[in-house]
Amino acid sequence: MTRISNSGSKMGRHAFSAVASASSGIVTSVMLDAIVIAVFGMGRKSDAYFIANTIPMIIITILMLQATRVIQPIFINKREAQGESAGWNYLSLIITSGTVIVSVLSATGIFLSTLLVHVQAAGFPREEMEIATRLSVFCFSILPLYFPIVVMRAVLNSFGIFALPSAMKFFENAFKILFVLLLGRKLGLESLVLGMFAGALWQLSIFYFVLRRKGFRFETSLRLKHSDMIQAYRLIGFQLTGQTCAATVEVINNALGSMSGAGNVTALRLATRIIESIAGLLPDGIVVAAMPAIAATVASRDVGATKRHLQHGVHLLLLVTVPLSVWLGLISRPLIAFLYERASFSGANTILVGNLLLLMIPYPFLNRLWSLLELPFFAGQDTRTPLIASAAQAAGYVAVSLLLVSHLGIYALPIGRLLAGIGGPLFLAYLLRKRMGILGLWSVRNSARKICEASFIMAAFVLLGCWLTPAIPLKGFGDKVVALGLPSGAGLIANRDVTRHAPSARESVTMRTAA
C-alpha cells in the first residue's frame, strides 16, 4: 500500500510540474498571438503566417507524439533490460537516422512550398501568396532541428524530468516574442521564423546538456535498415496515417478560410487557440490519468473494470468541461477584447472571433471524450479501429464544411467540426460497444444533472457580474479588465457548488492506483 501511495504521490508531483510548465507555454502562446495581431494587424499578412506555419507545426506535433508513444518505451526497455550503454546507443541511432529522414521530408516540403501554399491560400492575392511561400520555406528549413528536440524531450521524461521538457512551447514562444518586439518592424513576419530558429537552438542545447549530465554522449549512427529502426517504422504505421487525416483537415480549414475573406484564417486560429489552451490542461489531464488504469484492466481482461474507468472518466470530463463551457460562453467577447482588442484589432474583429469561439465551446468535451474512448483500443494494441474512426470523422467534417461554406462562409468550418465531433465519439462508442458490450455511460446521468444545475447557478452569478460591470466608471484597458474580471470572479465564487459534486478522494485515486 505504501509503495502504491508513494508512486501516486510521485506521479502527482510530476503531473503538477508538467502542467505548470505547459501553462507557461499556453500563456505565452496567447501573448504571441496578441503581439502578432498588434504588430502586423489582422488581415492577409497574419493569415499568411498562420498558413505557412500550419504544416510544419503539424509535423512537429506528430514527431512529438511518436517520440512519446514509440521511442520512449523502447528506450526505457533497452536501458532497463540491456543496460545504460544500450539505451544511449539506441538514442544516438534514432537521433541520427531520424534526423536524416526528417531532413528529406523537410527538403520535400521546401520544394513543394509553392504548391502547399497555393492549396491552402486559394483566395490570396499574389503578394501575400509570395510572403506565405517564403515563410513556408523558412519553417521547413528549421524542421530537422526539432526531431532531436522531441526525442530528447521524451527521454528526459523517462528519467522523471518533466518541468523542463514541458516548457518546450514556452521557449519557442519566448524567442518569437523577443524577436518580434526587437526586429518585427524591420524584418516583418520573418522575425517570427528567426525567433523559431533561435528557440530551437536553445532547446537543442539545454536538452542535450541535461542528458549529457545523465551520461549521454551523442555519436553519429546512420543505419536506416537497422532492426531497431524497422521496429520503429512498424509501430508508427497506423498512428501516422490517423494523424495525417488530422493534418488534411487543417489544410482544408486554411483553404476554405482564405476564400471566405481577409483575416478569417487568423480569426479561426485565434478562436482555436483559446479553446485548445483551455482544453490542454485539466481535460487532457483526465485522459492522461485514465490511460494507465485502462491499460492495466485491458491487459488483465477485466472488462467490467474498464467500463467503470470509462464511466468515471466521462464523469470527470463533465465535471471540468460543463462549468468551463458555461463560463466561456458568457464571457467570450470580454475575454477576446482583453486579449486582442488593441491597435488594428477592432470591435468587429472581436465579434467575429467571439462568434467562432461560441461555436467551438463543445470541442473540449467532445475531443477529450474521443480520446477517452480510444484508450481501450490502444491498450489492446489495436490502432486500426481508431484509424477507421478518425478517417470517418475527417470525411464527415470535410463533407459538411464543403456543403455549408457557400451559405455560411467561415462559420461553416466550426459547425462542420462540431457535427463531426458529435458523430465521431458516437461511432467510436458503437465500435467499442460491439467489442465490450453495453458501456454503461448512461450511469453518469444523475451526476451530470447535478453538475448542470450547479453550472446554471454559476451562470447566474456571471450574468450578475456582467450586469454590474457598466456601473464601474473605467475606460480603456481598465474597462476590459473589469469586464472580464468581475463576471469571472462572481462565477468562481458560485463555482464552489460544482465542486460539491466531485468524486470522493477514494474514487479520485482509483485510476491512478489501478495500474
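Quick one: Arg134 ticks every box in (1) of a type in the set (Lys, Arg); (2) under 27 Å from the mean Cα position of the chain (by Cα); (3) farther than 26 Å from Lys45 by Cβ except a single one, so which number is it?
(3)
Determine, yes or no, whether Pro376 is more than 21 Å from Leu65 (Cα to Cα) and either surrounded by fewer than 23 Cβ atoms within 10 Å (Cβ to Cβ) or out of contact with any Gly (no Cβ under 8 Å at 6 or more places or on another chain) (or both).
Criteria not met by Pro376.
Taking the stretch 324-347 only, how many residues are assigned to a helix (DSSP H, G or I) and either closer than 15 Å to Ala483 by Cα or of a type in the set (Ser, Thr, Tyr) (or both)?
16
Listed residues Ile4, Ile35; which is modelled with pLDDT of 75 or more and either among the hydroxyl-bearing types (Ser, Thr, Tyr) or assigned by TED's automatic domain parsing to the domain that holds Phe179 (or both)?
Ile35
Please enumerate the residues belonging to the stretch 151-170 that are surrounded by 21 or more Cβ atoms within 10 Å (Cβ to Cβ) and within 17 Å of Asn53 (Cβ to Cβ).
Met168
Of these, Ile415, Ile361, which one is modelled with pLDDT of 80 or more, in the same structural domain as Leu484 (by TED's automatic domain parsing), within 22 Å of the chain's Cα centre (by Cα) and under 28 Å from Gly440 (Cβ atoms)?
Answer to the check: Ile361.
Which of the residues belonging to the stretch 92-134 are closer than 22 Å to Ile252 by Cβ and among the hydroxyl-bearing types (Ser, Thr, Tyr)?
Thr108, Ser113, Thr114, Thr133
From the list Thr306, Thr321, Thr350, which residue is part of a helix (DSSP H, G or I), within 16 Å of Pro376 (Cβ to Cβ) and hydroxyl-bearing (Ser, Thr, Tyr)?
Numbers: Thr321 fails: within 16 Å of Pro376 (Cβ to Cβ); Thr350 fails: within 16 Å of Pro376 (Cβ to Cβ).
None of the others qualify; the one that does is Thr306.
The values are calculated or read from the model by the stated rules, or taken from the named source; none is laboratory data. Keep in mind that this is a model prediction, so the values were computed, not measured. Counting neighbours? That spans all protein chains shown, and the Cβs are built from the backbone with ideal geometry, glycine included.
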